[in-house]
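Okay, structure first, notes after.
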Amino acid sequence: MADLNAAAEARLNSGIRNLWYPVAASWMVRDTPHGLTRLGQRIVLWRDREGAVHAIEDRCPHRGARLSMGWNLGSTVACWYHGVEVDGAGCLARVPALGESPLVGRKRNRAYPVIERAGAIFLWFGDDATDLPPLDLPEELNGGAWEAILCTAHWQCNYRYAAENVMDPMHGAYLHAVSHSMAEGDKTARMKARETETGFVFEKTDQSGINFDWTEFGATGAWWQRLSIPYRKSAGPGGSFFIVGMVTPVDAESCRVFFWRCRKVEGWQRDAWKFLYRARLEGLHWDVLEQDRLILEGMLDSARDDEMLYAHDAGLVRLRRFMAAAAKREVGAELAAEPA
Ligand code: FES
Ligand SMILES: [Fe+2]
């Protein structure tokens, strides 16, 4: 049991694997191979000639150079060191220095299932790629009447602090008190949680529609969070502004956050909104995100070991319980599957 608890905590720290995670914005992966680290794993991404993204372990099977330092040949990536080519299934495709080689066709590299959606590239990190769950994203990210603008950043803190920060609506009235959209409303509140079909909502009981008053967590193949911030008329068409957030561990000490800024706008209103967003609001939103980043990066990694929580932290406590249970299930199933 002690083993299971320790293994589950270690897994939680570096990221649950049986999930879809956004790893990069679509615009980050263009013509050249793109190397990144997520969940402690080095991965190379590239686009083939049809524009489809491939993702495999970023390690040349020959001597271990990073494939992302090499060349995108469409159906393969070629290593810079001696030119060995590996395809999107992770199989060695060519050894140009030899011509023919019995190594061709051998699979040495892990390949990651890829879905590109809502302006982001999602990878599946689970071990058994044959049994992929669907990736159901919140409706704001599924197009149609919703316009979703993605912004993403690297934060030097464990991913759990970033997720817990979104589960804590009360910080809006303090940390972001001087921001353009969160200056309104009470600085005190009673909070409560309620279950939803895919997770739970944590909300203020005595104020809604004024500030950052509720936040939601959902698990639908990926883990996501959602909140809304009411906007005054001067912020253009489309009513309330929704933010969908996801966070992907880079390693145990850092993460990449993905925030989609969403508004229900169609026709000319959509163009007006996009223009207004780029021209005026995007910079303000980066300022708000910087406030979050500074606070979280300033906390020690061990901060969670010595806290004095109060009622407003019930949302993040609930999230911690949910995540810890998922880690235990995942590690428990792996241990059970190991040969005795
Ligand atoms: S290390 Fe990649 S080809 Fe030799
Ligand atoms: Fe914040």
Among ALA52, ALA252, ALA148, residue whose mean-square fluctuation peaks in a GNM of the chain (springs only between Cα atoms under 10 Å): ALA52
Derived scalar couplings ³J(HN,Hα) [the stretch 286-297; Karplus, 6.51 cos²θ - 1.76 cosθ + 1.60; whole Hz; x for Gly, Pro]: 4, 4, 5, 4, 5, 4, 4, 4, 4, 4, 5, 5
Accessible surface of the chain, 1.4 Å probe, proportion on carbon and sulfur as whole %: 54 percent
Viscosity 1.306 mPa s, temperature 10 °C, Stokes-Einstein D of the stretch 221-340 from Kirkwood C-alpha radius, µm²/s: 89 µm²/s
When the chain is reduced to its Cα atoms, the Kirkwood hydrodynamic radius in Å: 21.7 Å
³J(HN,Hα), Karplus 6.51/-1.76/1.60, whole Hz, each residue of the stretch 154-162, x for Gly, Pro: 9, 10, 8, 8, 4, 4, 5, 5, 5
Sequence-distant aspartates and glutamates (8 or more away, or on other chains) whose Cα lies within less than 13 Å of LYS264: GLU139, GLU140, GLU147
Solvent-accessible heavy-atom area per residue, rounded to whole Å², over the chain at 1.4 Å: 48 Å²
Cα-projected label distance for GLU290 with ALA25, points at 7 Å along beta-carbon direction, nm: 1.6 nm
Those lysines that a straight Cα-Cα span of less than 23 Å connects to LYS192, excepting residues fewer than 8 apart in one chain: LYS204
Overall Cα dimensions of the stretch 139-325, principal axis frame, Å, largest first: 51, 37, 34
Taking the stretch 139-325 and dividing mean pair separation by its residue count, relative contact order in percent (alpha carbons under 8 Å, at least six apart): 28 percent
Contact order normalised by residue count of the chain, Cα under 8 Å, 6+ apart, percent: 19 percent
Crossing angle, helix 314-337 versus the chain [Cα axis fit, 0-90 degrees, rounded to tens]: 20 degrees
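The values are calculated or read from the model by the stated rules, or taken from the named source; none is laboratory data. Fair warning: this is a prediction, and the values are worked out from it, not measured in the lab. A quick note on method: Cβ atoms are made from the backbone with ideal geometry, for glycine too, and the neighbour counts reach across all protein chains shown. Side chains included, ligands, DNA and RNA excluded: accessible areas come from the protein's heavy atoms. Shrake-Rupley method; radii C 1.70, N 1.55, O 1.52, S 1.80 Å.
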